[in-house]
Amino acid sequence: MTASLKKTTARLALIYCVVAHFSVNPALCQEPGPPILDLKHPHVPNRILATFDDASFHSELSALSPALLHVRPVSSLSSDWIIEVQPHQTGSEIDLNSLAKLAVSAGAKHVEPDYLLSVLKDPNDPAYFDRTTWWFNNVGQNGGVTDADIDAREAWDIQDSASDVIIAVIDTGARLTHEDLKDNFWNNPGEIPGNQLDDDQNGYIDDFHGINAINNDGNPVDDHGHGTHLAGIIAAKGNNAKGTVGVIWKGQIMPLKFMASNGSGSVSDAIQCIDYAINKSAQIINASWGNVGQSFFLERAIRRTRDNGIVFVTAAGNSSQDIEETPNFPASYTFSNIISVCATTERDTLVSFSNYGNLSVDLGAPGASIYSTYFRNDADYHEISGSSMAAALVSGSVAALIQKYPDAGYEKWIEAILQSVDSLPALEEKTVSGGRLNLNGALRFLQTNEDLVPAHLQWLEGNRQIRITGSSSTLYAVESTEDGKNWIFHQAVLTDFDGIALIPMSSTQSSSKWYRAITVE
Ligand SMILES: [Ca+2]
Ligand SMILES: [Ca+2]
Ligand SMILES: [Ca+2]
Ligand SMILES: [Ca+2]
């Protein structure tokens, strides 16, 4: 054999090793030397990246086995190359290290797996960047405890907006012209603004964004500040380089005013707002107010919200009391659509003034030194503490859940919020869930329980291999469970054009576990 024929033969043998073809003589595959690829991190299963000093290898490699190997540049601007094995043409597993050795033997200067990346989104709003908004991502700033937060940074990768969700903030109104809110108000589709006519004939002239139940008009202007502050906690516009950021960066806030400049309002005006929210198809009502008195009429109005599938988020109150002893309504009502919220600090303790209750307060959420939009001018911001603010964080979180899982229904949305809390000693015996809101957990709770598309999974070769049959060219997460409930990520795989992926398994991996493959969002 000539030297060049020897070289070609060796490479052909390597290709067969790469795809572990059944006809290969195993002795050929025992290449000396350690593996040259680091495969610990998620990567595309059938592909490596390689650089070469010149491009002559391209024809050389392709000529070896065009049916098995696909060689192409990474991009039109790049001198780096993708070397890909076509797994559906082999029906067998791929050894990326052998593929890398093949590339090196053809002159590759550097080879590595084609790693999978995932984004972590940070908005560019100043109050997020200077870490004022500790409740989204607590890294210990201002004396806080790391991760005493709702994991918004992680959650925003899954869902950062709720453009289709209408959130009625029944409160003191809102500053409609505020720079960080004006794009995130609900617009009444049946009403033409500013024409002095009641176009949708619902009794309110020009109720384009909401109503004022005190004056019975369509102008829910805020003369107190509380409502504007809540609106920003829920949906201050994200990533606009201005002010702060809400739990959702985009959404539809419907401000409904029933409390006046002194911060108080009547049950009848509150009911007027509740019924407006029902009529206009709000999906969430934020009710950050309360009273020790029980109202038959208010109770009946909240029952109507339940019958319409609306999530009713309310604050536990701020008088340091156990509301099982001293009820506070609406937090103390027991309808299945109510989420009642107490306030926690940047150290994951209960705020000293916050009410609590092990039967009727569902969970805690950050409610100390919360910075948000304010009502005195269009660029006004202000820090306030209270269970009101905690409730607003829950409302924004429910909005993200509804946007992501619109068909789940209010019981599922609430279950997701309550089942995914971070358990805290401070909230044990003081709340139903015993924990503090975690938006990332809530989104993932429904992700694993609702609508991931599973692939067909089949064990091959005496449990030494899993074959996935799913959609074409789709990324799947392979997960395993011991108890049928808690799923642990195993690896990510990309199916080929025929929807097939093959995963080698060791015997320890396969024993006494269940596996599944689900689409990655
Ligand atoms: Ca966190
Ligand atoms: Ca109207
Ligand atoms: Ca009008
Ligand atoms: Ca902003």
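Things worth noting here:
- Residue list for the stretch 157-196, restricted to those being more than 12 Å from ligand 3 (Cβ to nearest atom), at pLDDT 95 or above and of a type in the set (A, V, I, L, M): A162, V165, I166, I167, A168, V169, I170, A174, L176, L181
- For the stretch 211-227, the set of residues classified as outside any loop (DSSP other than H, G, I, E, B) and touching a Pro at 6+ places or on another chain (Cβ under 7 Å) consists of I211, N212, G227, listed by residue number.
- Scan of the stretch 302-325 for residues that are surrounded by fewer than 22 Cβ atoms within 10 Å (Cβ to Cβ) and not in a loop (DSSP other than H, G, I, E, B), ordered by number: R303, R304, R306, D307, D322
- The conditions of being assigned to a loop (DSSP other than H, G, I, E, B), crowded, with 17+ Cβ neighbours inside 10 Å and out of contact with any Cys (no Cβ under 9 Å at 6 or more places or on another chain) are not met by I253.
- The condition of being within 15 Å of the chain's Cα centre (by Cα) and farther than 24 Å from A282 by Cα holds for only one of S420, S433, that being S420.
- Residues that are within 16 Å of ligand 3 (Cβ to nearest atom) and either at pLDDT below 95 or in a loop (DSSP other than H, G, I, E, B) (or both) do not occur anywhere in the stretch 228-250.
- Residue within the stretch 121-133 that is crowded, with 20+ Cβ neighbours inside 10 Å, more than 16 Å from ligand 1 (Cβ to nearest atom), in a loop (DSSP other than H, G, I, E, B) and not assigned by TED's automatic domain parsing to the domain that holds Y371 present: yes
- Any hit, the stretch 197-210, residues being at pLDDT 95 or above, acidic (D, E), surrounded by 24 or more Cβ atoms within 10 Å (Cβ to Cβ) and not in a loop (DSSP other than H, G, I, E, B): no
- For the stretch 148-186, the candidate set comprises residues that are assigned to a helix (DSSP H, G or I) and away from ligand 1 (no atom under 13 Å from the Cβ); within that set, the residue that is nearest to V221 (Cα to Cα) is K182.
- Residues satisfying the stated conditions in the stretch 108-136, i.e. away from ligand 4 (no atom under 16 Å from the Cβ) and modelled with pLDDT of 80 or more: A108, K109, H110, V111, E112, P113, D114, W134
- Taking the listed residues V139, V44, V104, V145, the one that is in a helix (DSSP H, G or I), surrounded by fewer than 19 Cβ atoms within 10 Å (Cβ to Cβ), of a type outside the set (D, E, K, R) and modelled with pLDDT of 75 or more is V104, with no other qualifying.
- Test: residue in the stretch 389-402 that is surrounded by fewer than 22 Cβ atoms within 10 Å (Cβ to Cβ), in contact (Cβ under 8 Å) with a residue 24 or more places away in the chain and either over 26 Å from the mean Cα position of the chain (by Cα) or closer than 23 Å to R303 by Cα (or both): no
The values are calculated or read from the model by the stated rules, or taken from the named source; none is laboratory data. Small disclaimer: the values here were computed from a predicted structure and weren't measured. Reconstructed Cβ throughout: ideal geometry from the backbone, glycine too, with neighbour counts over all protein chains shown.
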